[in-house]
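J.: Sharing a structure below in structure tokens format, with a few things to ask.
What follows draws every value from the coordinates through simple rules; no lab data is involved. Owing to the predicted nature of the structure, the values given are computational and were not obtained by experimental measurement. When we count neighbours, we look across all protein chains shown, and the Cβ atoms used for this are built from the backbone with ideal geometry, even at glycine.
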Amino acid sequence: MKYGPNTALVEEVINFVKSGNLLVPTNKDGALKNVHIIIDFERAKALAWDEEYGWTDRRENEMSKVMEDYYETEDLKEYKEELDKLLDTFVMYLRRRLKGMYSEIFDDVVADLYNCAFNRAVNGNDYNFFEQLFEVYRKGGWPCGWQDNHPQGKLTAYFPSINSSLTNE
């Protein structure tokens with residue numbers, strides 16, 4: 001149990017980082033639910049990085065909840081060193097995979113996927129904010145914002161191209 005009782009779930013994120021459909025849309029495993037899709041990369045970056053929309057704050061706030069759960073679970077502390085090493089692993093693999101215009105979002109993608117893995121180590125794969133982000137990544141998108149106030153509203157995600165089978169809307 002390298003990453004704790006949820007090692008297999010963490011390894012699913014690791015495998016995605018190494019060879020998943022990163023920014024290559026796919027309709028594998030059905031449609032996305034409750035996600036607003038945009039195809040304009042410039043707009044996606046503006047949403048993600050504009051402080052008025054608070055996307056960075058939303059992600060940090062959600063991760064702080066995961067960290068609270070982590071610190072309340074004594075059994076997980078022995079796996080912290082291995083979990084911390086994942087960040088370097090993700091940087092190495094994603095630096096190779098995010099090229100060209102997508103190199104601009106490198107830091108966001110690394111942070112999101114690392115947080116997805118850490119969340120899985122702590123909480124399993126119960127549907128929550130980070131599972132929703134991971135679902136978007138697995139479908140080939142980049143989560144970049146939230147419409148309306150969280151938890152109401154829906155996640156906004158950039159996809160390089162529209163695939164009508166991605167959404168139920």
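J.: Tilt of helix 7-19 relative to the longest C-alpha principal axis of the chain, in degrees (0 to 90, nearest 10)?
T.: Tilt relative to the chain: about 40 degrees.
J.: Charges at C-beta only: +1 for Lys and Arg, -1 for Asp and Glu. How large is the resulting dipole of the chain about its Cα centre, in Debye rounded to 20?
T.: 840 debye
J.: Show that you can apply the helix-only estimate: for the chain, add -39,500 (n - 2.57) for every DSSP H stretch of four or more residues, divide by all residues, and state [θ] at 222 nm to the nearest 500.
T.: -16500 deg cm²/dmol
J.: Now for a different question. How many percent of DSSP beta bridges within the chain run antiparallel, rounded to 5?
T.: So the antiparallel bridges amount to about 50 percent of the total.
J.: Go through the stretch 1-106 and name the trypsin sites (Lys or Arg not before Pro) that are in a DSSP coil and have 13 or fewer other Cβ atoms within 10 Å of their Cβ.
T.: Those satisfying the criteria are 2, 28, 33, 99.
J.: Follow-up question, since we're still on this one. Do any of 2/45; 33/77; 33/65 go past 31 Å between their Cα atoms, and which?
T.: Over 31 Å apart, Cα to Cα: 2/45; 33/77.
J.: In the stretch 29-64, what GluC sites (Glu not before Pro) fall in a loop by DSSP, with at most 14 other Cβ atoms inside 10 Å?
T.: Taking the stretch 29-64 and a limit of 14 other Cβ atoms within 10 Å, the loop GluC sites (Glu not before Pro) found are 51, 52.
J.: A further question follows. Near the amide H of residue 139, under 5 Å away, which other amide H atoms are found, from residues 5 or more places off or on another chain, if H is placed in the peptide plane?
T.: The answer is none.
J.: Please order 116, 144 by the number of other Cβ within 10 Å, starting at the fewest.
T.: Final ranking by Cβ density, sparse to dense: 144, 116.
J.: Any idea what Rg and Dmax come out to for the stretch 7-166 if you just take the C-alpha atoms, in Å?
T.: Here Rg and the maximum Cα pair distance are 15.1, 45 Å.
J.: I need the chymotrypsin sites (Phe, Trp or Tyr not before Pro) found in the stretch 117-154, filtered to DSSP loop residues with at most 13 other beta carbons within 10 Å of theirs.
T.: In loop regions of the stretch 117-154 (DSSP not H, G, I, E or B), the sparsely surrounded chymotrypsin sites (Phe, Trp or Tyr not before Pro) are 127.
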